[in-house]
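Just so you know, all these numbers are worked out from the coordinates, no wet-lab data involved. Computed from a predicted model, the values in this text were never measured in an experiment. No Cβ is skipped: glycine too gets one built from the backbone with ideal geometry, and neighbour counts run over all protein chains shown.
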Amino acid sequence: QVQLVESGGGLVQPGGSLRLSCAASRSIAGINAMGWYRQAPGKQRELVASIRSGGSTNYDSSVKGRFTISRDNAKNTVYLQMNSLKPEDTAVYYCNANFMLRNYWGQGTQVTVSS
């Protein structure tokens, strides 16, 4: 089992930056894939970025070049660095871990991009 706790959300102006953190309750070295999803009001939850245990990454086209996902196995933490934020990035961001054929989710952190 894996518990995930996100942090780092908040209110930021367009063009600004935020870094989200996802702390896991166990070692993430053995977790096959971890990722960040987001859900805006009235929309379905969508994948933003993912990172596999070997380090390969994948990004949604809407964030490619602006967001960077990384993992620190020593701290059991996954990060999402978000730069050049846009109002359409406003959403609740969720951390996800795929471990032992199960999906685990954090409680979410709100990101609001507004002037």
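List the aspartates and glutamates whose alpha-carbon lies under 17 Å from that of LYS75, not counting same-chain residues fewer than 8 positions away?
GLU6
Run down the lysines and flag those whose C-alpha is under 25 Å from the C-alpha of LYS64, throwing out any fewer than 8 positions away in its chain.
Partners found: LYS43, LYS86.
Rg to Rh ratio, the chain, alpha-carbon atoms and Kirkwood radius?
Using only Cα positions, Rg/Rh for the chain is 0.95.
Pick out, in residue order, every one of the trypsin sites (Lys or Arg not before Pro) in the stretch 2-87 that is DSSP loop and has at most 16 other C-beta atoms within 10 Å; say none if there are none.
In loop regions of the stretch 2-87 (DSSP not H, G, I, E or B), the sparsely surrounded trypsin sites (Lys or Arg not before Pro) are ARG26, LYS43, ARG45, LYS64, ARG66.
Could you derive backbone 3J(HN,Hα) for the stretch 53-70 from the dihedral phi with the Karplus parameters 6.51, -1.76 and 1.60 (θ = phi - 60°), listing whole Hz in sequence and x where the residue is Gly or Pro?
Whole-Hz 3J(HN,Hα) from phi for the stretch 53-70: 4, x, x, 5, 10, 9, 10, 5, 4, 6, 10, 4, x, 10, 10, 9, 9, 8.
Which value in nm describes the separation of the simple spin-label points at LEU101 and GLN1, placed 7 Å from the Cα toward the beta carbon?
1.9
Quick one: which residues, 5+ away or cross-chain, put their amide H under 5 Å from the amide H of VAL48? H built at 1.01 Å from N.
HN-HN under 5 Å from VAL48: TRP36, TYR37, ARG38.
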